[in-house]
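Here's the structure we're looking at; comments come further down.
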Amino acid sequence: MKKEINILAIESSCDDTSAAVISDGYLLSNVVAGQKVHESYGGVVPELASRAHQQNIIPVVHEALKQSGIDKKDLSAIAFTRGPGLMGSLMVGTSFAKGFALSLDIPLIDVNHLQAHILAHFIKTKEEGAKVPEFPFICLLVSGGNSQIVLVKNPDEMEIIGQTIDDAAGEAFDKCAKVMGLPYPGGPIIDRLSKEGNHKAFTLAKPNIADYNYSFSGLKTSFLYLLRDELKKDPNFIENNKNDLCASLQYTIIEILMSKLRKAVKDLNIKHVAVAGGVSANSGLRNAFEDYAQRYKWNIYIPKFSYTTDNGAMVAMAGYFKYLKGEFCSIDLPPYSRVEM
């Protein structure tokens, strides 16, 4: 009788501690512990994040195993996010994964965080299948730290064909939210407020960057100057125009993202298009994907909300693909904070 492939996955790249269990390609559990400690600072504080991971990782792994019904003695391998991310946070997850794998005498699988976001499209449960992209497909990967257009040829062959030359889209959302006095994380709040605003109320700068690359620093500066100039005339300008400001900002960011994506899809003549990463939860971006799919006959793939932010399920899926190819890593492999695919 064939033995089941049971993989425990650990994600700790930023401020979410997560663990998931996958069995023969089916997700059995996915537990995530967030960190509210950063809200008062307006952004993630690396030292506080790593301390919180140390507190959360054992309870999270215990709960993931409990929910899955898989005994630790029946695990086939441990997958973990090796990078990119915050080094202190990554070290907590990496160290735990190594120690756990050693104690069970099972292999380790290192996972690239960005590739895991893309492979989240292949997550399925026994109760619910997955509408998976056909290879090759193009994926728009957008998060707080990354904005990339990726050509995905197969689960272990991905090529970045475009990326931001400065700030990421998620970073632009959060930093613009901060100057408006909105709490962190600002992206979801801008998304909510924009639904009540007029996206044509304010015109913001759109950069002219070569090829399929992005830039969001000019947009942030344009937004900052708009607020500075208008606040001189009206000290209550932000409060009186908050919904319109959010709508105009969100519309501009999505226009920048989608225009380059459309160019890539057209040039490469690939009609299968996916979106991944934390910003893929944005309702405006999801609506834009639906609109472009109708206009340009794309086959689109949008992940469930629970798989958009950092989570162990995506790491488990990436780990499963590597397990099938026998791609394991040595115990002395260090985490990394920055790397391209």
- Item | Residue that is basic (Lys, Arg) and farther than 19 Å from residue 158 by Cβ, where the choices are 338, 295 | 295
- Query: Yes or no: residue 98 modelled with pLDDT of 95 or more and of a type in the set (Lys, Arg)?
  - Reply: yes
- Note on the structure: Out of (1) under 19 Å from residue 239 (Cα atoms); (2) of a type outside the set (A, V, I, L, M, F, W, C); (3) buried (at least 16 other Cβ atoms within 10 Å of the Cβ), the one residue 155 does not meet is (1)
- Query: What tally of residues in the stretch 325-336 results from selecting those that are open to solvent by 50 Å² or more (accessible area, probe 1.4 Å) and touching a residue at least 24 places away in the same chain (Cβ under 8 Å)?
  - Reply: 6
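Look at residue 231 and say whether it is in contact with a Leu (Cβ under 7 Å, 6 or more places away or on another chain) and among the aliphatic types (A, V, I, L, M).
So residue 231 does not fit the description; no.
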- Message: Among the residues of the stretch 10-25, what is the count of those that are surrounded by fewer than 24 Cβ atoms within 10 Å (Cβ to Cβ) and either part of a strand (DSSP E or B) or out of contact with any strand residue (DSSP E or B) (no Cβ under 6 Å at 6 or more places or on another chain) (or both)?
- Response: 3
- Members of the stretch 210-252 that are more than 22 Å from residue 145 (Cβ to Cβ), open to solvent by less than 30 Å² (accessible area, probe 1.4 Å) and either touching a residue at least 12 places away in the same chain (Cβ under 8 Å) or of a type in the set (Gly, Ala, Ser) (or both): 227, 238, 245, 247, 248
- Query: Of the residues that make up the stretch 174-185, is at least one among the hydroxyl-bearing types (Ser, Thr, Tyr) and either closer than 26 Å to residue 112 by Cα or outside any helix (DSSP H, G or I) (or both)?
  - Reply: yes
- Please list, ordered by first then second residue, the pairs with beta carbon atoms under 8 Å, 6 or more apart or interchain, first in the stretch 123-149 and aromatic (Phe, Trp, Tyr), second part of a loop (DSSP other than H, G, I, E, B). 137/270
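Tell me yes or no: at least one residue of the stretch 311-319 is within 20 Å of the chain's Cα centre (by Cα) and polar (S, T, N, Q).
yes
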- Could you run through the stretch 253-264 and say how many residues are surrounded by 22 or more Cβ atoms within 10 Å (Cβ to Cβ) and over 15 Å from residue 288 (Cα atoms)? 0
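Right, residue 315: open to solvent by less than 20 Å² (accessible area, probe 1.4 Å) and either within 22 Å of residue 116 (Cα to Cα) or touching a residue at least 24 places away in the same chain (Cβ under 8 Å) (or both) or not?
yes
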- Query: Pairs, please: C-beta under 6 Å, at least 6 apart or cross-chain, first residue on the phi < 0 side of the Ramachandran plot and in the stretch 261-287, second assigned to a strand (DSSP E or B) and open to solvent by 60 Å² or more (accessible area, probe 1.4 Å)?
  - Reply: 271/299; 272/299
- Note on the structure: Residue hits (the stretch 153-166; closer than 25 Å to residue 27 by Cβ, among the charged types (D, E, K, R) and in a loop (DSSP other than H, G, I, E, B)) are 156
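Among the listed residues 209, 253, 270, identify the single one that is β-branched (Val, Ile, Thr) and farther than 30 Å from residue 132 by Cα.
209
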- Query: Hey, any hits in the stretch 170-178 for a residue that's surrounded by fewer than 18 Cβ atoms within 10 Å (Cβ to Cβ) and not acidic (Asp, Glu)?
  - Reply: yes
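The values are calculated or read from the model by the stated rules, or taken from the named source; none is laboratory data. Owing to the predicted nature of the structure, the values given are computational and were not obtained by experimental measurement. Here Cβ is always computed from backbone atoms with ideal geometry, including for glycine, and neighbour counts include all displayed protein chains. Side chains are part of the model used for accessible areas, which takes the heavy atoms of the whole protein and leaves out ligands, DNA and RNA. Shrake-Rupley method; radii C 1.70, N 1.55, O 1.52, S 1.80 Å.
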